[in-house]
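The values are calculated or read from the model by the stated rules, or taken from the named source; none is laboratory data. Keep in mind the model is a prediction, meaning the values are calculated, not measured. Note that we place each Cβ from the backbone using ideal geometry, even for glycine, and neighbour counts take in every protein chain shown. Calculation scope for accessible area: heavy atoms of the full protein, side chains included, ligands and nucleic acids excluded. Shrake-Rupley method; radii C 1.70, N 1.55, O 1.52, S 1.80 Å.
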Amino acid sequence: MIVDVPAPAGIATLVAYIATIPAANLAVTHIGALPVGFGYEAPAGVYMVGLALVLRDLAREAAGRRAILAAIALGTVVSYFLADPALAFASAAAFAIAETMDFAVYEPLRTRGLLVAMLASNAVGLVADSLIFLRMAFGSFDFLQGQILGKAWMTLGAVAVLAFLRRRKLTAAGALPPA
């Protein structure tokens, strides 16, 4: 059996994606809540989870469907074993469900472009993750607006950077006039 091994960029993106999971759990456990804007707060892992949603999409492009499905499974296990025991099940369940939902939305939208697929799938993933995690971990939705806002900042920031890089690449290739 021949196994397709992702290129170094794909492996790096997968590693970064999986690393966001313990980073988010450690932040929730050791930092607490952070302001995310407009007077809202969210558990400190919110930015890492937002980054995970973006990296999941980029890792899918760089490493392929099978690799990202394996990374979601590995990330769920890592999430469970590295989280504070009180947060472990909530973190693992939220991660597994939200990332799978993100993947299910992303796949059919890929043909419409990376940024469209990323925006739509991340919107689904960040709401699902927020609802599941907050309910299971804290038994309330007190941080719901902050969770959604913090993760949305990460998605919007990543999309802006990717759009800028795409425009720069197309301009350098002569496909677009200079700005």
Open item on the list: I'd like to check something: does the stretch 76-90 contain any residue that is out of contact with any Gly (no Cβ under 9 Å at 6 or more places or on another chain), farther than 15 Å from Val28 by Cα, charged (D, E, K, R) and open to solvent by less than 70 Å² (accessible area, probe 1.4 Å)?
Closed with: no
Open item on the list: Can you say whether Thr29 is open to solvent by 30 Å² or more (accessible area, probe 1.4 Å) and among the β-branched types (Val, Ile, Thr), as far as the supplied structure shows?
Closed with: yes
Open item on the list: Conditions first: (1) farther than 20 Å from Ala62 by Cα; (2) of a type outside the set (A, V, I, L, M, F, W, C); (3) under 12 Å from the mean Cα position of the chain (by Cα). Asp102 passes all but one, so which condition is the exception?
Closed with: (1)
Task: Residue satisfying condition, being buried (at least 24 other Cβ atoms within 10 Å of the Cβ) and at pLDDT 90 or above, within set Ala104, Ala24, Ala42, Ala120 - done: Ala42
Open item on the list: If I filter the stretch 1-21 down to residues being open to solvent by 90 Å² or more (accessible area, probe 1.4 Å) and either modelled with pLDDT under 80 or in contact with a helix residue (DSSP H, G or I) (Cβ under 7 Å, 6 or more places away or on another chain) (or both), which single residue comes out as nearest to Gly45 (Cα to Cα)?
Closed with: Val5
- [ ] With respect to Met136, determine if the residue is within 17 Å of Ala16 (Cα to Cα) and in a helix (DSSP H, G or I).
- [x] no
- [ ] Run down Leu162, Leu149 and say which single residue is under 22 Å from the mean Cα position of the chain (by Cα) and either modelled with pLDDT of 90 or more or loosely packed, with under 12 Cβ neighbours inside 10 Å (or both).
- [x] Leu149
